[in-house]
Ligand code: AMP
């Protein structure tokens, strides 16, 4: 596996494989790789001839300076994990490679980016859409891989790719979890032992909503109440807990098709998100 820094290095490295008709898969990450990222890289390895993993802690998508400063970084460890999972190229640009002096472009996806994460993290999805557009344009992959753990991000990217008619397929892969159900996240390492236990509130809340849905509840308020009660057993209050359409992220009042239950909560200092699909899907 080779490590690249600049957009020109990426284009040069992919020119020959592209000419030879080899398929290219891209897995965008912010590093601090865990088994969730590994599942995306492995899937890209199965599907594609050339696997590119990008590693960039994107300042533009952090709406809290402290969160950006505390974000775990270990390129050597990430490179070893990415290589082991089957990556051919690791693109780890510096901030000035992605945002050279004078950079003044923002990609804004409307609609689906406005609610939930968009509302609670102002500017976050502009940062995501801008950097993902830059990654997609530089790599020009046949397939790009994202986790459903960040379900709204996935919906924003699907919208972006459709709207700009970018010639690639977007794959959304299932959330990888710890044995007890906690969704893997680079931020989990920063949880204190007590908060690590309380962090289960998110999954327990989602499970309670899913169980109520399976038992026949379709009213979103009743589903939310079931989830809230389960979260409060762990002394965690959600920042939001919503039943939404999985594509548009518009609120759903009565679940009669597929719906997504999405939750965000601060556990100690750490903000976590999770989601689950309910209903017919
Ligand atoms: P991040 O490095 O957190 O920006 O995540 C990079 C990619 O990995 C995104 O597409 C995430 O949705 C995905 N991802 C993060 N956590 C998980 C997980 N637990 N399971 C599956 N994919 C994940």
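Quick note: the coordinates plus some simple rules give every number you see, no bench work behind them. Since we're looking at a predicted model, the values are computed, not measured. For neighbour counting, all protein chains shown are included, and Cβ atoms are generated from backbone atoms with ideal geometry for every residue, glycine included.
So how much slack lies between residue 15 and residue 176, counting 0.36 nm per residue of separation and subtracting their Cα-Cα distance, in nm? Mind dumping the intermediate values first?
Values: separation 161, 0.36 × 161 = 57.96 nm, distance 3.33 nm.
Length gained between residue 15 and residue 176: 54.6 nm.
Counting only DSSP beta bridges with both residues in the chain, tell me the antiparallel percent, nearest 5. Before the final figure, lay out the partial values.
Details: 19 of 38 bridges.
So the antiparallel bridges amount to about 50 percent of the total.
Highest mean first, what order results for 17-24, 259-266, 114-121 on Cβ atoms within 10 Å? Walk me through the numbers before you get to the answer.
Details: 17-24: 13.4, 259-266: 23.1, 114-121: 18.1.
Going by the mean number of other Cβ atoms within 10 Å, highest first, we get 259-266, 114-121, 17-24.
Report, to the nearest 10°, how far helix 200-214 tilts away from the longest principal axis of the Cα atoms in the chain, using its own Cα long axis and a range of 0 to 90°.
70
What spacing in nm lies between the two simple spin-label points modelled at residue 168 and residue 47, each 7 Å away from Cα in the Cβ direction?
A separation of 1.1 nm, rounded to one decimal place.
Please order 142, 247 by the number of other Cβ within 10 Å, starting at the fewest. Don't skip to the end; give the middle numbers.
On the way: 142 18, 247 13.
Sorted ascending by nearby Cβ count, the order is 247, 142.
Using only the alpha carbons of region 26-118, what is the convex hull's orientation-averaged projected area in square nanometres? Please list the in-between numbers first.
Details: hull surface 30.2 nm².
Over all viewing directions, region 26-118 projects a mean Cα-hull area of 7.5 nm².
Using only Cα atoms, locate the centre of region 77-95 and the centre of region 109-158, then give the distance between them in Å, rounded to an integer.
21
Using a 10 Å cut-off on Cβ atoms, rank the peptides 124-131, 32-39 from the highest mean neighbour count down.
Details: 124-131: 21.9, 32-39: 19.6.
Final packing ranking: 124-131, 32-39.
Suppose a student asked you for the relative contact order of the chain, using Cα pairs under 8 Å spaced at least 6 residues apart; what percent would you report? Before the final figure, lay out the partial values.
On the way: 515 pairs, mean separation 46.6, N = 281.
Averaging sequence separation for qualifying contacts and normalising by length gives 17 percent for the chain.
Considering the convex hull of the alpha carbon atoms of region 186-275, report its projected area averaged over all viewing directions, in nm², one decimal. Working shown, then result.
Values: hull surface 22.8 nm².
So the Cα hull casts an average projection of 5.7 nm².
Fewest first, what order do 1, 231, 30 take by the number of other Cβ atoms within 10 Å? Show your work: numbers first, answer last.
On the way: 1 15, 231 24, 30 19.
Fewest-to-most Cβ neighbours within 10 Å comes out as 1, 30, 231.
How far apart, in nm, are the 7 Å Cα→Cβ label points at residue 70 and residue 239?
1.2
What Kirkwood Rh does the chain have if only Cα atoms enter the pairwise 1/r average? Answer in Å.
Taking the inverse mean of 1/r over all distinct Cα pairs, the chain comes out at 19.6 Å.
Quick one: angle between helix 151-163 and the longest Cα principal axis of the chain, in degrees between 0 and 90, rounded to 10, please.
Roughly 50 degrees, rounded to the nearest 10.
Using only Cα atoms, find the angle between the long axis of helix 124-139 and the longest principal axis of the chain, and express it within 0 to 90 degrees, rounded to the nearest 10.
For 124-139 against the chain, the angle is about 30 degrees.
Using the count of nearby Cβ atoms within 10 Å as a rough guide to exposure, how do 71, 240, 145 rank from fewest to most? Mind showing how you got there, number by number?
Values: 71 17, 240 14, 145 26.
Ascending Cβ contact count within 10 Å gives the list 240, 71, 145.
Quick check on packing: order 159-166, 86-93 by the mean number of other C-beta atoms within 10 Å, highest mean leading.
On the way: 159-166: 14.8, 86-93: 22.2.
So the peptides 159-166, 86-93, ranked by packing, come out 86-93, 159-166.
Ratio of region 234-281's C-alpha Rg to 2.2 N^0.38 Å, to two decimals?
Ratio of Rg to 2.2 N^0.38 Å for region 234-281: 1.25.
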